[in-house]
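Scroll down for the structure; my scribbles are underneath it.
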Ligand code: GLC
């Protein structure tokens, strides 16, 4: 059956009406207004709406190559001539009002500008980096922090954030793993949808609703060898099974924009991939918003070897389905001529413009171009005490207790002397992590400040760098060893600087920098009790004294309240409850490593390792696995029950288990449900996370967690890219990480044909 293009277009527009305002479609008069506007627009004005440029009215230097930056005077002319539709990465109401004044009052059609920015984990109040927050396994927390970020971003004159990053990161050498929710598609989908609900709120027209832009479509997290901007060579099955589903959850949560990825997939750059951006995104996934290119990514089609020149790149991008060109200026430069020459149909341009104007209408910009541009609000909603309190709570719930040999928590009342050693002890330049360029480094709480505020006597704490981040300090180790020997216990604050994480920070080795490793080995060799406070934006391969320390905390980049949160955890004011969203391997060389890996024909199943799927020197397992995280109390799981071990084709089974706090302290546990399809027409992972539930229990308290499983949870991508479930036996685990748990089996039965 062929679908008439017009029907597809009308369907798309109809779909956009339904989805653009989750509460109600665009009113008919707004649709008519947009259509009437388009009818009046010149091709240049249309190309202008499809052009997004760095905001010189309120300049900030985001971590992008500084190309194509136009000064305010030049940009003002472009805005007045209707040659710009969106400005990005500037903040501040005054600058935005100046720009909006020109767009609305000086341009021929007065179409308001859209203001966008990279609010990835906070504007002025910085929350834990997304990977850290993912360790909470708590969608409600992610929604609440996104809401707070939206309040600050809209107060500073933004309408849209280029977040959440939805890429499933399969290789920890890739620097951008820090920006997402880790290695698992299910967790990424759940948390990304929560972040979108938080950003956008319940009504897009509210002045504190921030449009989301789930990115990067698609499979950026699968770059070969973790090499930034590298190529992605994956099967259709892997694309559809691992990398697309979280975007499906994001669009279902109401996202109205997305961003095409820098990378190619199987030889076709995403920015020019019409099968990806039109057939899959709009056809199969029914996405109804508009697509940004990434920063100059359309122009980069030439470097990819996919476009002849910049004009060809513009043609390929618009025909593929990129609606808004970011920073290159290719659309305003080439679209008028491309349309006049017939290389690009005007209808294609009109569809892109309509998508963009529908989103502007959906957030009420035509009714109120001064939406989110109040200088009063700007003074009152940013860096508030409530936001900082939420940042502290989010940070304590992001810290993963990896190891604890009876060292933590520390009881301050014992007045032990504490040596805080390492380059991050009293460092405020690396608290926030990447993509927090709007925040003031001077306003972050570093570890030393947090500890001093929590200790009965700040003099109990000594602070000794011991080494720099990437180099030794003359006499640093001697001073650190002396400080350790003079103390009762040591806190070793080591790891990555924020410059070692994020975009364009792929690393061949994911280990503690050598100078810091030498420091750690020397300090641990003193025999004093040592707790490691890791700072990092990815999983790390830990060795030597770091791995041997009595306690290890994954503290990531925790944001504005880092020091207070770390002190809360160390002194037991908060109970560590987070779980790893990424696997910590034994060796860097295991990457790409992820828990939901395949069995192979020779899996290691016991201590016989000859001729097995492992490295000669290292088991292909994790030192600390996905889903792992300890607490200060002791949780036990038992009483695993299935309502039935036979799952009928259209039925569901209930899975229950009891979780008990057997310890003496209140605590939280994230109970995880995994399955394994034992035999299928495509080999299946040895474990797949399907459900999770966070429970908080008092000492001695028990609770029954309940999960429901049905055939849809068992589907995978089989032949001809069809999502299918296949009858047969399944393993099921309910546990506290991806490597253990209470085990059961069930069988999915084929559909029973109706009799007769
Ligand atoms: C960057 C990133 C993208 C970001 C954009 C704007 O290169 O890839 O995630 O939103 O440019 O800063």
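Where the second residue is modelled with pLDDT under 95 and assigned to a helix (DSSP H, G or I) and the first is in the same structural domain as residue 467 (by TED's automatic domain parsing) and lies in the range 522-540, which pairs have Cβ atoms under 9 Å and are six or more apart or on separate chains?
That search, which allows pairs on different chains as well, returns nothing.
Answer with yes or no whether residue 169 is more than 16 Å from the ligand (Cβ to nearest atom), under 30 Å from residue 626 (Cα atoms) and either assigned by TED's automatic domain parsing to the domain that holds residue 432 or surrounded by 24 or more Cβ atoms within 10 Å (Cβ to Cβ) (or both).
It is false that residue 169 is more than 16 Å from the ligand (Cβ to nearest atom), under 30 Å from residue 626 (Cα atoms) and either assigned by TED's automatic domain parsing to the domain that holds residue 432 or surrounded by 24 or more Cβ atoms within 10 Å (Cβ to Cβ) (or both).
A quick yes/no check of all residues on (1) assigned by TED's automatic domain parsing to the domain that holds residue 394; (2) under 30 Å from residue 92 (Cβ atoms); (3) crowded, with 24+ Cβ neighbours inside 10 Å:
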site	(1), (2), (3)
139	no, no, no
153	no, yes, yes
196	no, yes, yes
200	no, yes, yes
203	no, yes, no
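Could you run through the range 519-574 and say how many residues are in contact with a helix residue (DSSP H, G or I) (Cβ under 7 Å, 6 or more places away or on another chain) and in a helix (DSSP H, G or I)?
Of the residues in that region, 18 qualify.
Would you confirm, using the coordinates I've provided, whether residue 99 is modelled with pLDDT of 95 or more and either within 16 Å of the ligand (Cβ to nearest atom) or within 19 Å of residue 378 (Cα to Cα) (or both)?
yes
Failed condition for residue 208, given (1) surrounded by fewer than 24 Cβ atoms within 10 Å (Cβ to Cβ); (2) within 14 Å of the ligand (Cβ to nearest atom), with all others met?
(2)
Filter the range 29-69 down to the residues that are touching a strand residue (DSSP E or B) at 6+ places or on another chain (Cβ under 8 Å), without any contact (Cβ under 8 Å) to a residue 60 or more places away in the chain and more than 16 Å from the ligand (Cβ to nearest atom) and list them by number.
Of everything in the range 29-69, just one residue is touching a strand residue (DSSP E or B) at 6+ places or on another chain (Cβ under 8 Å), without any contact (Cβ under 8 Å) to a residue 60 or more places away in the chain and more than 16 Å from the ligand (Cβ to nearest atom), namely 57.
Considering only residues that are within 16 Å of the ligand (Cβ to nearest atom) and not in a helix (DSSP H, G or I), which ones fall in the range 266-288?
269
Among the numbered criteria (1) in a loop (DSSP other than H, G, I, E, B); (2) under 8 Å from the mean Cα position of the chain (by Cα); (3) over 26 Å from residue 115 (Cβ atoms); (4) within 15 Å of the ligand (Cβ to nearest atom), which one does residue 182 miss?
With (1) in a loop (DSSP other than H, G, I, E, B); (2) under 8 Å from the mean Cα position of the chain (by Cα); (3) over 26 Å from residue 115 (Cβ atoms); (4) within 15 Å of the ligand (Cβ to nearest atom) applied to residue 182, the lone miss is (4).
Listed residues 403, 379, 340; which is in contact (Cβ under 8 Å) with a residue 24 or more places away in the chain and under 30 Å from the mean Cα position of the chain (by Cα)?
Checking each option against the conditions leaves just 403.
Any residue that is assigned to a loop (DSSP other than H, G, I, E, B), more than 17 Å from residue 561 (Cβ to Cβ) and outside the structural domain of residue 566 (by TED's automatic domain parsing) - is there at least one of those in the range 375-396?
Taking every residue of the range 375-396 in turn, at least one turns out to be assigned to a loop (DSSP other than H, G, I, E, B), more than 17 Å from residue 561 (Cβ to Cβ) and outside the structural domain of residue 566 (by TED's automatic domain parsing).
In contact (Cβ under 8 Å) with a residue 12 or more places away in the chain, under 29 Å from residue 27 (Cβ atoms) and more than 12 Å from the ligand (Cβ to nearest atom): which single residue out of 189, 254, 230 fits that description?
254
So how many residues does the range 138-155 have that are within 16 Å of the ligand (Cβ to nearest atom) and part of a loop (DSSP other than H, G, I, E, B)?
Residues in the range 138-155 being within 16 Å of the ligand (Cβ to nearest atom) and part of a loop (DSSP other than H, G, I, E, B): 0 in total.
How many residues are surrounded by 23 or more Cβ atoms within 10 Å (Cβ to Cβ) and either farther than 23 Å from residue 504 by Cβ or modelled with pLDDT under 95 (or both) if we restrict to the range 260-281?
Residues meeting the conditions: 3.
Across the range 438-486, what is the total count of residues that are in a loop (DSSP other than H, G, I, E, B) and loosely packed, with under 15 Cβ neighbours inside 10 Å?
The total comes to 8.
The values are calculated or read from the model by the stated rules, or taken from the named source; none is laboratory data. Fair warning: this is a prediction, and the values are worked out from it, not measured in the lab. All Cβ positions, even for glycine, are placed from backbone atoms using ideal geometry, and neighbour counts span all protein chains on display.
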